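Participant: This structure is in structure tokens; I'll ask about it shortly.
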Amino acid sequence: MQGSTKLIHSIPTDPLTGALSVPIYQTSTFVQDFPGVNKGYDYARTNNPTREVVEDLIAGLENGSTGIAFASGLAAIDAVLKLLQSGDEIIAVDDIYGGAYRLFEQVYRKFGVRITYVDSSDPGAVFQALTEKTRLIWIETPTNPTLKISDIQAIAHIARAHGCLLCVDNTFASPALQRPISLGADIVVHSATKYLGGHSDLIAGLVVTRDNELGERIKFYQNACGAILSPFDSWLLIRGIETLHLRIRQHCTGGQAVAEFLHGCPQINKVYYPGLPSHPNHETARKQSKGFGGIVSFSLHQDTEEAAQKLVSITRLFKLAESLGGIKSLISHPASMTHKTIPVEKRRSSGVADSLIRLSIGLEEPEDLISDLDSALMDLTKNNASVNKFSFNN
Ligand SMILES: *Cc1c(COP(=O)(O)O)cnc(C)c1O
């Protein structure tokens, strides 16, 4: 069976009533027949039938053994970090998601966890950074917002040989495109807020482990620390995941079309999209993913925050907002939004130019998205011309 057929038919119908849609078990506790004798559920922090469906669903999609659902992507990342002890070291991708960076630096560092950041698009840099205290390698591929690609298989070999864990944040690709556990990773995390939920209507996080033993350890932290996904949000997430393959196909089609259009635009300096042959890791992306996704970034020849801020505020279909992976296209300016707190020099040196703009391609028709960008770029040029003329006349 192909991906989507398998996915759709792995969602169980309700054994009690035959309900085709998974019931929302909105309960805090479960009646027991005798102390300790129950139907597999006792208290809803520990286990909930609706949550269990989404946990099994993601485990199957990622080809792992255990799925564990959390209240947010950051809660999922936090649960994985709890596997570590004081004195342990992490090697992490240098342009890591900002929220993960904050968690590593402002929460875990004070408990004695050390973090080294490297450009993991070069597996050699990961190898060089290993020490005898390295317990975890943390990568995202593609990264945000410059869409760097790391070779999961090569880094999994390094992790295995060193006896440490490899965790891949698979938020940007989704399991419809890339399955890190099949490439050798031990753990996958998701901000299910993005493509898995897919409709910009919930915050959720997921962890999937390669084996049961690791799964049980993460499940322990899910119950012990309590950042669980609610029954209703579990249901919303199931509903989103049901259409994952279909949505991702369209996100990829739109992403490729928009990236190719931007690549030919005179106002654009650089386009970042793994599906363009000019992308430095295009071959690795092609090798490990079924498609190149729906995130496209670009910078302008006129490399100023002002020009970028103007552009992001004059598109009509692309809405100005943080986040990504939903059905509506979004546009954002990392330098003044998501990456504002990063010191300017550090931001620029990690490749986030002043004029860098990130697009999350939604499910609109690609030609409409292109014409929206085309007219916004024209307006930008027109107004610049008149501004220049004005200052020239003066
Ligand atoms: C959004 C995001 C997160 C954090 O997820 P939340 O659901 O917002 O907590 C983690 N990693 C990546 C790559 C993200 O894009």
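The values are calculated or read from the model by the stated rules, or taken from the named source; none is laboratory data. What you see is a predicted model, and the numbers here were worked out from it, not measured in a lab. Glycine also receives a Cβ, built like all others from the backbone with ideal geometry; neighbour counts cover every protein chain displayed.
Participant: Is there any pair with a first residue in the range 97-110 that is closer than 17 Å to residue 73 by Cα and outside the structural domain of residue 171 (by TED's automatic domain parsing) and a second that is more than 10 Å from the ligand (Cβ to nearest atom) and outside any helix (DSSP H, G or I) whose Cβ atoms are under 7 Å apart and which are 6 or more apart or on different chains, and what are they?
Facilitator: Final answer for the pair search is none.
Condition check ((1) more than 21 Å from residue 221 (Cβ to Cβ); (2) at pLDDT 95 or above) across all residues:
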{"position": "22", "(1), (2)": "yes, yes"}
{"position": "26", "(1), (2)": "yes, yes"}
{"position": "30", "(1), (2)": "yes, yes"}
{"position": "33", "(1), (2)": "yes, no"}
{"position": "39", "(1), (2)": "yes, no"}
{"position": "45", "(1), (2)": "no, yes"}
{"position": "57", "(1), (2)": "no, yes"}
{"position": "73", "(1), (2)": "no, yes"}
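Participant: Within the range 27-43, can one find any residue that is among the small types (Gly, Ala, Ser), out of contact with any Asp or Glu (no Cβ under 6 Å at 6 or more places or on another chain) and within 26 Å of residue 247 (Cβ to Cβ)?
Facilitator: no
Participant: For the range 305-341, how many residues are touching a helix residue (DSSP H, G or I) at 6+ places or on another chain (Cβ under 7 Å) and modelled with pLDDT under 95?
Facilitator: 4
Participant: Further question on the same structure: Go through the range 61-90 and report how many residues are touching a Phe, Trp or Tyr at 6+ places or on another chain (Cβ under 7 Å) and over 30 Å from residue 234 (Cβ atoms). So that I can check it myself, show each step before the final result.
Facilitator: Start the filter on the range 61-90 by keeping residues that are touching a Phe, Trp or Tyr at 6+ places or on another chain (Cβ under 7 Å), which leaves 76, 79, 81-82, 86, 90.
The next check asks that each one be over 30 Å from residue 234 (Cβ atoms); those that pass are 86.
Here the count works out to 1.
Participant: Okay, next question. Can you tell me how many residues within the range 166-191 are out of contact with any Asp or Glu (no Cβ under 9 Å at 6 or more places or on another chain) and under 18 Å from residue 234 (Cα atoms)?
Facilitator: Matching residues across the range 166-191 total 1.
Participant: Follow-up question, since we're still on this one. Could you list all residues from the range 97-123 that are under 30 Å from residue 255 (Cα atoms), outside any strand (DSSP E or B) and not aliphatic (A, V, I, L, M)?
Facilitator: 97, 98, 99, 101, 102, 119, 120, 121, 122, 123 - these are the residues of the range 97-123 that are under 30 Å from residue 255 (Cα atoms), outside any strand (DSSP E or B) and not aliphatic (A, V, I, L, M).
Participant: I would also like to ask the following. Suppose the filter is in the same structural domain as residue 142 (by TED's automatic domain parsing), crowded, with 24+ Cβ neighbours inside 10 Å and more than 11 Å from the ligand (Cβ to nearest atom); does residue 218 pass it?
Facilitator: Details: in the same structural domain as residue 142 (by TED's automatic domain parsing): yes; crowded, with 24+ Cβ neighbours inside 10 Å: no; more than 11 Å from the ligand (Cβ to nearest atom): yes.
Taking the combined requirement at face value, the residue does not satisfy it.
Participant: Of all residues in the range 183-203, how many are assigned to a loop (DSSP other than H, G, I, E, B) and touching a helix residue (DSSP H, G or I) at 6+ places or on another chain (Cβ under 7 Å)?
Facilitator: Going through the range 183-203 one residue at a time, the tally reaches 12.
Participant: Further question: For the range 152-171, state whether one or more residues are of a type in the set (Val, Ile, Thr), closer than 24 Å to residue 359 by Cα and modelled with pLDDT of 95 or more.
Facilitator: Within the range 152-171, one or more residues are of a type in the set (Val, Ile, Thr), closer than 24 Å to residue 359 by Cα and modelled with pLDDT of 95 or more.
Participant: While we're on this one: Which one is nearest to residue 236 (Cα to Cα), of the residues in the range 192-207 that are more than 8 Å from the ligand (Cβ to nearest atom) and hydrophobic (A, V, I, L, M, F, W, C)?
Facilitator: Filtering first and then ranking leaves 202.
Participant: For the range 204-217, give me the residue count where each residue is outside any strand (DSSP E or B), out of contact with any His (no Cβ under 9 Å at 6 or more places or on another chain) and touching a residue at least 40 places away in the same chain (Cβ under 8 Å).
Facilitator: 7
Participant: Sticking with this one: Only helices (runs of 4 or more DSSP H) wholly contained in the range 1-88 count here; list those with 3 or more residues that are under 30 Å from residue 162 (Cβ atoms).
Facilitator: Per the criteria, 49-61, 73-81.
Participant: Determine which member of the set 317, 300, 330 is under 28 Å from residue 106 (Cβ atoms) and touching a residue at least 24 places away in the same chain (Cβ under 8 Å).
Facilitator: 330
Participant: Got a number for residues in the range 70-88 being within 19 Å of residue 185 (Cα to Cα) and either surrounded by 20 or more Cβ atoms within 10 Å (Cβ to Cβ) or free of Cβ contacts under 8 Å to residues at least 24 places away in the same chain (or both)?
Facilitator: 7
Participant: Got a number for residues in the range 128-182 being assigned to a helix (DSSP H, G or I), touching a residue at least 60 places away in the same chain (Cβ under 8 Å) and surrounded by 22 or more Cβ atoms within 10 Å (Cβ to Cβ)?
Facilitator: Adding up the residues that qualify gives 3.
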